[in-house]
Amino acid sequence: MSGLTACERLPFASTNASSDKAHSKQSLMIDAKLPKATTIIDCEQLTPKQIVKVQGHSTLSSSCDLTEQSIRFELNDSYSSLDCQGARLSTMADDQSTASAITIKPKTDSAIEDIAVANCHVDGYGHALHIRQYSQPNQRYVRGFIDPAANRALAPRNIRVVNVTSRNSINSGMFVGDHVHGITFDKVRIQNAGTVGLYLEFGSRDNVIKNSVFIGNGFRTFKPNREAIAVDSSSNNLIENNQFIHNGAGSILLYRNCFEHAADPTRGNHFKRTESSRDNIIRHNIFQDEPVGVWVASRQSRNLKGFACGAYLVKQTPFASYHLDSAKDNQIISNRFEQVEQGIIVEDDGTLISGNQFAIDVNLPINIGSEIREESAAGAIKGTLIKDNTFTDKTIEQAIKIRDASKTATEIR
C-alpha cells in the first residue's frame, strides 16, 4: 500500500503474517488484578437493550454471551469495576442507537476515581467505551468553567482499561472526554472504528496507552478519514509498546482543535481550546502500512475552511482558512516504521526524534517544517532535535526533508 495516495487506501484486510499475528494476540480473559467481586451480574436475567448500572466491584456470570442484545453498562461511582470475564457484546440488528457499550460518567458535576473495566469484547455500538464528565463542555463553558484545572477537578480520573476489544464502532472505538486524566489502556485492541480508534479529547492528560493494537480504523464509508489515536489538545500522555496497522489517516496525530463551529454554542464540545498537545512521549511502537506514523501539529497546514474555526487564524482566503496549531515539546523515541509513506511529520516546536528505525520501504522517514506556520508570527518550526535514528538504504539527505526556513533551527546528530 505504500505507493497509494490516501484517497486510494482501502479498509483493512489481513494479507500478511504480522497482521494475522496481531489479530491472534487478544485473549478473551486475563487476570487484570481487579478487587474481589462484590456483585455477580447474572447475564440470564438481563433483557435486550437494558442499561445495567454497575454497583461496586461487579463481574459477569461465567460463560456469559451478550451478542446481538444491545446491553449497555454504566459505571457512575468511585472505587468500582466491571469484569466481563471474556463476554462478547454486540448490538441488535434493529438498534440504530449510537450510545456506548460501556460508559464511565459521574452522576453529578463531581469527579469519580479508581475505576476499572476488563475482559470485555465489544462489536458495534457508538463507542465501545466512553469516559466523560457529567455535563457537556458547552454547558460548563456558558457557566464560566473555562479554567483547565477547574474542569479537571470535575473529571473522572485514575481508571484502568485492561484487555478490552472494540470492533466496528460507529464512531471512535474508545473516547476519553475533555479533561479526563490518569487513564491507563493496557492490552486493548481497537479495529475498524468508523472514525478515530482512540480519542484523547481536549484538556485530558497523564494517560497511558500501552501493549495494544490498532488496526484498520478511520475508514468511515470506505474513505480514509481518521487516525488510530487522536491527541487533541491533550498532554503528558505516554504511548508505548503498541502496534499500528493500516489506519485511515495514519497512526498518531497530535493537534489543537481550532475552536470548531465557534458560532454554534449548542454543540456539545463548544469550548475554546487553550492547551497544546504537548509533552507527550511516543516510544517503542511499531508502525506498519500507514500513510503517516506520527504527525506533530497535524492541522497546521490543513485547510480548515469547513470547520468554521473561531481561534488562532493565520491565513484566510475566500476558499481556505489556516489556523495556528499547537503540539509542542513531544518526544518520538525508539519506534519502528515499516511500509509507511511518511514516518514522522513535524509542524511545531521542540520535538525530539531519537533512536527510531526506518525500514527500506518507508518513502520519507522524517519531514520538518510548515510553509503556513512561516507566514504567521510564530515563524519557522524551531527546536527539532534528530539523533541516533537508523535509515535503511537512505542517506541522511534522502531520509530527512527540512524546509529551508527551519534548517538552522533543526539539529541532527
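The values are calculated or read from the model by the stated rules, or taken from the named source; none is laboratory data. Please read these numbers as outputs of a predicted model, since none were measured by experiment. All Cβ positions, glycine included, derive from the backbone under ideal geometry; neighbour counts span all protein chains shown. For the accessible areas, the whole protein counts, side chains as well, though only heavy atoms, and no ligand, DNA or RNA atoms are used. Shrake-Rupley method; radii C 1.70, N 1.55, O 1.52, S 1.80 Å.
Packing, as the average of other Cβ atoms within 10 Å across residues, places the peptides 78-85, 259-266, 212-219 in the order 212-219, 78-85, 259-266, highest first.
Estimated from the Cβ-Cβ distance and a Förster radius of 25 angstrom, the FRET efficiency linking ALA153 and LEU46 is about 0.10.
Averaged per residue, the chain has 40 square angstrom of accessible surface, using a 1.4 angstrom probe with ligands and nucleic acids left out.
Using 0.36 nm per residue and subtracting the Cα-Cα separation, the extra length available between LYS33 and ARG267 on full extension is 80.3 nm. Ordering 403-411, 96-104, 365-373 by mean Cβ neighbour count within 10 Å, with the highest value first, yields 365-373, 96-104, 403-411. About its Cα centre, the dipole of the stretch 332-375 is roughly 300 debye, where the only charges are +1 on Lys and Arg Cβ and -1 on Asp and Glu Cβ.
Taking every alpha-carbon pair under 8 Å whose residues sit at least 6 apart, the stretch 189-284 reaches a relative contact order of 29 percent.
Label sites at ASP388 and TYR79, each approximated as a point 7 angstrom past Cα along Cα to Cβ, lie 4.4 nm apart. Site pair GLU397 and GLU68 shows an inter-label distance of 6.4 nm when each label is modelled 7 Å from Cα along Cα→Cβ. Counted over the chain, the DSSP beta bridges are approximately 5% antiparallel.
In the chain, the DSSP-assigned H stretches of four residues or longer account for a calculated mean residue ellipticity at 222 nm of -1500 deg cm²/dmol, using -39500 (n - 2.57) per stretch and the full residue count as denominator. What size of dipole, in debye to the nearest 20, comes out for the stretch 89-135 about its Cα centre when the only charges are +1 on Lys and Arg C-beta atoms and -1 on Asp and Glu C-beta atoms? Here the stretch 89-135 has a charge dipole of around 120 debye. Put simply, when 224-233, 247-256, 316-325 are sorted by average Cβ atoms within 10 angstrom per residue, most first, you get 247-256, 224-233, 316-325. Ranking VAL340, PRO11, ILE41 by Cα position along the charge dipole of the chain, where only Lys, Arg, Asp and Glu carry charges on their C-beta atoms, puts ILE41 farthest toward the positive end. For semi-axes √(5λ) of the Cα gyration tensor in Å, the candidate list reads (1) 39, 27, 19; (2) 36, 25, 19; (3) 31, 25, 22; the entry that matches the value derived from this model is (2). Under 5 Å between amide hydrogens, built in the peptide plane, is the criterion, and for ILE412 it picks out ILE386 among residues at least 5 positions away or on other chains. In a reduced charge model with +1 at each Lys and Arg Cβ and -1 at each Asp and Glu Cβ, the stretch 40-181 shows a dipole moment near 460 debye about its Cα centre.
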